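Any read-out appearing in this document is the output of simple, stated calculations on the displayed coordinates, not a laboratory observation. Remember, it's a predicted structure, so these values are computed and weren't measured experimentally. Here the Cβ positions follow ideal geometry from the backbone for every residue, glycine too, while neighbour counts run over all protein chains shown.
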């Protein structure tokens, strides 16, 4: 950690932020979203050195966003992801490479989270701290590489391959176990060609595009059925190191060129200072310059038909646009760019609906609990706290300076757990489904929902977990 290394591909030289992550947490059966996976790794990286020394850790929201490569201003999405991490139970499997046996544990990833202004306070349960701090096997997760992934399937595959670095291939995974490790719900994509098209091929493509590994899949068949999979591993070729004196001269020359290039991004492409910094931190400067030159040489640019140059440049960098071989290919690239811009706006609108729906559910459930007759409410609360006693004990132990038996009901984790308990125990408590809720929104939000469903029926935003 903290060592300067030469980045790979078209990436920049940067301080490498590596998380030595316990193999149990890499080999985990879960349905975490991409944002939740990134946040989980970033929080553990930030807390690791003091994991056993502190009951609670703190990080600024801005620093967390920087660690996960989150460039948006929608901190409500960060809050919602954190809420999920303290109320979602996830299975952790430590796989013995020699015997293939699994050591199974279940826990919430975080015991508690508290957002106070710009600060995020978070804590792990004692069991989780022990598991995470004293690993028997390591997989090194590069947070800079992690930030580039665009799907939870891609990041999950990278996490499950990286601990075999230095070997020619991973171990063989039974297909059913591998689907769990990728976060595919039971019963989904039971037909292998569907799983391969929807999950595996896209995940392999992301690993090969965004990471420092090149992987290919091998399969074992029994008759017509695919029963096992493993991945051949190859390090992406690294740039040759130059002599110290030559590097110093190149740095001086590069700085002058960088300043001129930043001026182009600022004045011609209308990027903000922050956007320029993020772009040049995430990608090699020459790579970005190539995309700028490609755009400026294109017919749409020369005719002034690109309305949002900043968005178009980000799309060109993200999707690695190449020089078109024909006018038809150029038109296709432009259509793809416009589609990506439209899809991003659609996803933003659906995220807003999802956030509103969760707030609506919370308020509705809380109102039902408060409206119970006094005797029924006492019975409900008595049953709930008996059910939640292990969680209460953990919170009181880790956050004894903040909570006591008298105010434990203010804990976000207890509130979330009580709502789930109410949905299960209160017979007359019924709520509209997410899709029913969507139909009550403004017409533009309904249209965004329909479009996203038509583009990708399996998009994570279309799945609402109770």
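Taking 7 Å steps out from each Cα toward its Cβ at residue 428 and residue 410 produces label points 3.2 nm apart.
A full extension of the chain between residue 55 and residue 197 corresponds to an added length of 46.7 nm, given 0.36 nm per residue minus the alpha carbon distance. Annotation: for a label point projected 7 angstrom from Cα along Cα→Cβ of residue 400, residues of segment 44-76 with backbone N closer than 19 Å are 51-57. Between residue 76 and residue 169, the contour length at 0.36 nm per residue exceeds the alpha carbon distance by 29.5 nm.
Computed from the C-beta positions of residue 48 and residue 436, the FRET efficiency with R₀ = 41 Å rounds to 0.40.
If R0 equals 30 Å, the separation of the Cβ atoms of residue 297 and residue 341 corresponds to a calculated FRET efficiency of about 0.90. For the pair residue 378 and residue 359, the difference between a 0.36 nm per residue extended length and the Cα-Cα distance amounts to 4.3 nm.
In this simple spin-label approximation, residue 454 and residue 289 carry label points 7 Å from Cα along the Cα→Cβ vector, and these lie 4.4 nm apart. To the nearest 0.05, how large is the calculated FRET efficiency for residue 88 and residue 216 if R₀ is 30 Å and r is the Cβ-Cβ distance? That gives a FRET efficiency of 0.35. Let me make sure I get this right: for segment 343-462, a, b and c are the square roots of the gyration tensor eigenvalues over alpha carbons, sorted descending. Under 1.5 in a/c it's rounded, otherwise prolate if a/b > b/c, else oblate. Which is it? It is prolate, given that a/c is not under 1.5 and a/b is the larger ratio.
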